[in-house]
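Below: one structure, written as structure tokens.
The values are calculated or read from the model by the stated rules, or taken from the named source; none is laboratory data. These figures come from a predicted structure and were not determined experimentally. Cβ placement follows ideal geometry from the backbone for every residue including glycine, while neighbour counts extend to all protein chains displayed. Heavy atoms of the whole protein, side chains included, go into the accessibility calculation; ligands, DNA and RNA do not. Shrake-Rupley method; radii C 1.70, N 1.55, O 1.52, S 1.80 Å.
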Amino acid sequence: MTALDLSSPVAVVGTGTMGQGIAQVALVAGHPVRLYDTAPGRAREAAAAIGARLDRLVEKGRLDATARDAARARLAPAEALAELADCGLVVEAVVERLDVKQRLFGELEDVVDEDCLLATNTSSLSVTAIGGALRHPGRFLGLHFFNPAPLLPLVEVVSGFATDVTSATRAYETARAWGKTPVACADTPGFIVNRIARPFYAEAFAVYEAQAADPATIDAVLRESGGFRMGAFELTDLIGQDVNEAVTHSVWQAFFQDVRFTPSLAQRRLVESGRLGRKAGHGWYDHGEGAEKPEPHTADKEQPPAYVLAEGDLGPAAELLALIREAGIQVRTEDGDEDGHLELPGGGQLVLADGQTSV
Ligand SMILES: NC(=O)c1ccc[n+]([C@@H]2O[C@H](COP(=O)([O-])OP(=O)(O)OC[C@H]3O[C@@H](n4cnc5c(N)ncnc54)[C@H](O)[C@@H]3O)[C@@H](O)[C@H]2O)c1
């Protein structure tokens, strides 16, 4: 099964944040792209915004001017759904409401050919439910891009209950041909990424609610020890507390209110008070003009021990020895030490033994 032919037009319905990004991806890959939005003038504005982004790519040397001009010529806003009749793929990125999406796909089915792939970019609704009423649900599936779609490679290719293998494979190969990293998955709440991400946010918010640490400290730990690009508080301020909470709520409901996915009361208060994150000027953090980000609370520096004793097979903790030496602290092994433990100035002992560190 091959990817969608490049001569086949791709339609994007709903030309907000995600629709514009997805349209840009299909356009740069080489397809003619049609944009449709119910808000008057929105599709035209989206075409202009995509054009401006292509200009910036040219300025940065990531796209040549001839390719930009050809891409612009392939991009067209549509005034009516009927103009999408010859498309080989329609990707929907409208408001996250089941009734709106169901109605839209019903209308689209009356317009496009039977072999046109129909895809939803839903983050949290059931693909099976959206496509439930279609006459030909076999060609319906989820194509879940991440924001910003032109930059983030992952695309979840979601098969609903009725999606046929041919359609899922064709969508998968198309996403790959567009330079994305597609991942096939089944239609379960939150798919893969949004499900796995829920405990990341929930646990950070629970730590805060238990007054164990403040957002800046928890974020610093997640970034610096967890290796995440952003902590849960700064990331949800970027996403929007309302958007993030809505996905959590939806996954929680879809799992029959499983406690693992329980929404956060602290986040609820942010949403209720309009503290939606960067877009509102404040969320967990103040994003107002000139606002300074709070510093994490860190422990006072202690006197380093005279030496560290390494006992037995340290496993992955063996890497710590290089860091300890780098810090100018002597490392001794069991053979070179009589009682096996080291007294620290504060009265504690520091022993690295069998993969564990204890102080
Ligand atoms: N924003 C994200 O980070 C993100 C990430 C992945 C998936 N999604 C999903 O993508 C979809 C769109 O999200 P967004 O953030 O781009 O929304 P958005 O609000 O930026 O854009 C939605 C657009 O859809 C249009 N629209 C509404 N109803 C329509 C209809 N019936 N027909 C045509 N156009 C219609 C609106 O006028 C608007 O321009 C949602 O399903 C969302 O869950 C969002």
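Observations
- When the residues of segment 207-242 are filtered to those that are closer than 21 Å to Leu265 by Cα, assigned to a helix (DSSP H, G or I) and open to solvent by 70 Å² or more (accessible area, probe 1.4 Å), the one that is farthest from the ligand (Cβ to nearest atom) is Glu209.
- The residue pairs whose first member lies in segment 259-274 and is polar (S, T, N, Q), whose second member is assigned to a helix (DSSP H, G or I) and open to solvent by 60 Å² or more (accessible area, probe 1.4 Å), and whose beta carbons are closer than 9 Å, counting only pairs six or more residues apart or on different chains, are Ser264/Tyr208; Ser264/Glu209.
- Of the strands (runs of 3 or more DSSP E) lying entirely inside segment 1-94, those carrying at least 1 residues that are within 16 Å of the ligand (Cβ to nearest atom) and under 27 Å from Ser124 (Cα atoms) are 10-13, 33-36, 89-92.
- Scope segment 117-140; condition more than 8 Å from the ligand (Cβ to nearest atom) and touching a Leu at 6+ places or on another chain (Cβ under 7 Å); matching residues: Leu117, Leu118, Ala119, Val127, Ala129, Ile130, Arg139, Phe140
- Picking from residues in segment 141-170 that are among the aliphatic types (A, V, I, L, M) and more than 16 Å from the ligand (Cβ to nearest atom), the one that is farthest from Ser124 (Cα to Cα) is Val165.
- Residue-level analysis places Ala322 outside the set of residues that are open to solvent by less than 30 Å² (accessible area, probe 1.4 Å), outside any loop (DSSP other than H, G, I, E, B), at pLDDT below 95 and not assigned by TED's automatic domain parsing to the domain that holds Tyr208.
- With respect to the conditions (1) under 22 Å from the mean Cα position of the chain (by Cα); (2) open to solvent by less than 10 Å² (accessible area, probe 1.4 Å); (3) not small (Gly, Ala, Ser), Val94 lacks only one, and its number is (2).
- Taking segment 243-277 as the range and being open to solvent by 60 Å² or more (accessible area, probe 1.4 Å), under 24 Å from Pro148 (Cα atoms) and away from the ligand (no atom under 13 Å from the Cβ) as the test, only Arg275 passes.
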